[in-house]
Amino acid sequence: MKVTPYSENCGAVVSELQLATLDDNQLAELRAVFAEYGLLFFRDQDLPPQEHLRFAQRFGTIVVNKFFKTSEESPLIAEVRKEKDQQTNIGGGWHTDHSYDEIPALGSILVARTLPTSGGNTQFANLAAAYDAMPDDLKKRIEGLRAIHSNKHLYGENGLYRLTDLASQLGGMDRVGDATHPVVIRHPESGRKVLYVNPGHTIQFEDWDFAESRKLLDELYMHVAQPQFTCSFNWLPGSVTFWDNRCTWHQADNDYQGQMRLMHRITLQGSELAAA
Ligand code: SIN
């Protein structure tokens, strides 16, 4: 297995490895690489849906998204689908999958199934590197805080997604909910301190005024979205991405209107997040 950093702070490309046929030693090595980088890119994989499932189940326990349609092949595989005539895409703004759950997701494994001829990249941000590089006074201001994460504003009644042409693909309106998490967590595997708030799902700080929360959240978001903490991945047939939801954000570019894009996503169950 060969591991090559993708950019200064953002991800690594794992080559000379097939996810469908890795042995137990390679799986152990991959776990260590995943803990180190939190974002792995693979090219030229032969990973049909049953192998996608098998790899995910070897790595962890699958948790099904409450809102997305699932694939024909398995109720454990979520579809991230944009039809040719659809304007809105899923995940078009920075977010962390499932941060609105009490037990948030460990990670997500995304496999390209149908790609536009160009565009449709996924962008990522590294929240451990962003935390490390934060000015000390900003670190002080967020010390000990907790934040409320939700999905109601997106998937609830009159939620943003329900008002778009994505609505017919979504279920789960009755399964919306909130959770609170520490704003700075200790990553369970790497032991690093990580900023755990995201623009998609974090609503405000617990016991804070909404407007004051927004000001500080925006300051944090501007810090994270700087080029030195982010990268963009261009999908090709056979590409797979595996990201750690405890230490990354991602967003999908919506720059291929008139073309279809279909991805298969499997999300893995994490554990309760502890404050750093
Ligand atoms: C997602 O938000 O999980 C989708 C990412 C993508 O479609 O690139």
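Only one residue in ASN25, ASN9 is of a type outside the set (Phe, Trp, Tyr) and surrounded by 13 or more Cβ atoms within 10 Å (Cβ to Cβ), so which one is that?
Details: ASN25 fails: surrounded by 13 or more Cβ atoms within 10 Å (Cβ to Cβ).
Checking each option against the conditions leaves just ASN9.
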* Give the residue that is nearest to MET263 (Cα to Cα), with candidates limited to residues of the stretch 118-140 that are open to solvent by 10 Å² or more (accessible area, probe 1.4 Å) and within 16 Å of the ligand (Cβ to nearest atom). => ASN121
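Within the stretch 4-20, can you find the residues that are in contact with a Lys or Arg (Cβ under 6 Å, 6 or more places away or on another chain) and within 10 Å of PHE42 (Cβ to Cβ)? Steps first, please.
So the first thing to find is which residues in the stretch 4-20 are in contact with a Lys or Arg (Cβ under 6 Å, 6 or more places away or on another chain), and the list is 15-16.
Result: SER15, single match.
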* Asked: Does the stretch 39-52 contain any residue that is assigned to a helix (DSSP H, G or I), surrounded by fewer than 19 Cβ atoms within 10 Å (Cβ to Cβ) and within 20 Å of the chain's Cα centre (by Cα)?
  -> yes
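Working only within the stretch 77-89, note down all residues that are open to solvent by less than 60 Å² (accessible area, probe 1.4 Å) and either over 13 Å from ALA112 (Cα atoms) or β-branched (Val, Ile, Thr) (or both).
ILE77, VAL80, GLN86, THR88, ASN89
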* Asked: Of all the residues that make up the stretch 69-117, how many are within 26 Å of ARG31 (Cβ to Cβ), outside any loop (DSSP other than H, G, I, E, B) and away from the ligand (no atom under 12 Å from the Cβ)?
  -> 1
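Identify, from the list ALA276, ALA225, ALA252, the residue that is touching a residue at least 60 places away in the same chain (Cβ under 8 Å), within 30 Å of VAL13 (Cβ to Cβ) and over 20 Å from the mean Cα position of the chain (by Cα). Please lay out each step first, then the result.
On the way: ALA225 fails: over 20 Å from the mean Cα position of the chain (by Cα); ALA252 fails: over 20 Å from the mean Cα position of the chain (by Cα).
Among ALA276, ALA225, ALA252, only ALA276 is touching a residue at least 60 places away in the same chain (Cβ under 8 Å), within 30 Å of VAL13 (Cβ to Cβ) and over 20 Å from the mean Cα position of the chain (by Cα).
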* Asked: Which pairs have Cβ atoms under 6 Å, sit 6 or more apart or on different chains, and link a residue in the stretch 40-64 that is among the charged types (D, E, K, R) to one that is open to solvent by less than 30 Å² (accessible area, probe 1.4 Å) and in a loop (DSSP other than H, G, I, E, B)?
  -> ARG43/SER239; ASP44/GLY238; ASP46/ALA20; GLU51/ALA20
* Are there any pairs, at least 6 apart or on different chains, whose C-beta atoms fall under 6 Å, with the first in the stretch 165-187 and small (Gly, Ala, Ser) and the second in a loop (DSSP other than H, G, I, E, B), and if so, which? -> GLY172/LYS66; GLY172/PHE67; ALA179/TYR100; ALA179/ASP101; ALA179/GLU102
* Asked: Within the stretch 215-273, which residues are away from the ligand (no atom under 12 Å from the Cβ), among the hydroxyl-bearing types (Ser, Thr, Tyr) and under 24 Å from ILE77 (Cβ atoms)?
  -> SER271
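For the condition at pLDDT 95 or above, of a type in the set (Val, Ile, Thr), open to solvent by less than 30 Å² (accessible area, probe 1.4 Å) and farther than 24 Å from LEU110 by Cβ, what is the one hit in VAL184, VAL240? Even if it seems obvious, please write down each step before you answer.
Numbers: VAL240 fails: farther than 24 Å from LEU110 by Cβ.
The unique qualifying residue is VAL184.
The values are calculated or read from the model by the stated rules, or taken from the named source; none is laboratory data. If you're wondering where the values come from, they're calculated on a predicted model, not measured in any experiment. In this analysis, Cβ positions are derived from the backbone assuming ideal geometry, glycine residues included, and neighbour counts consider all displayed protein chains. Note: accessible area is taken over every heavy atom of the protein model, side chains too, but ligands, DNA and RNA are not part of it. Shrake-Rupley method; radii C 1.70, N 1.55, O 1.52, S 1.80 Å.
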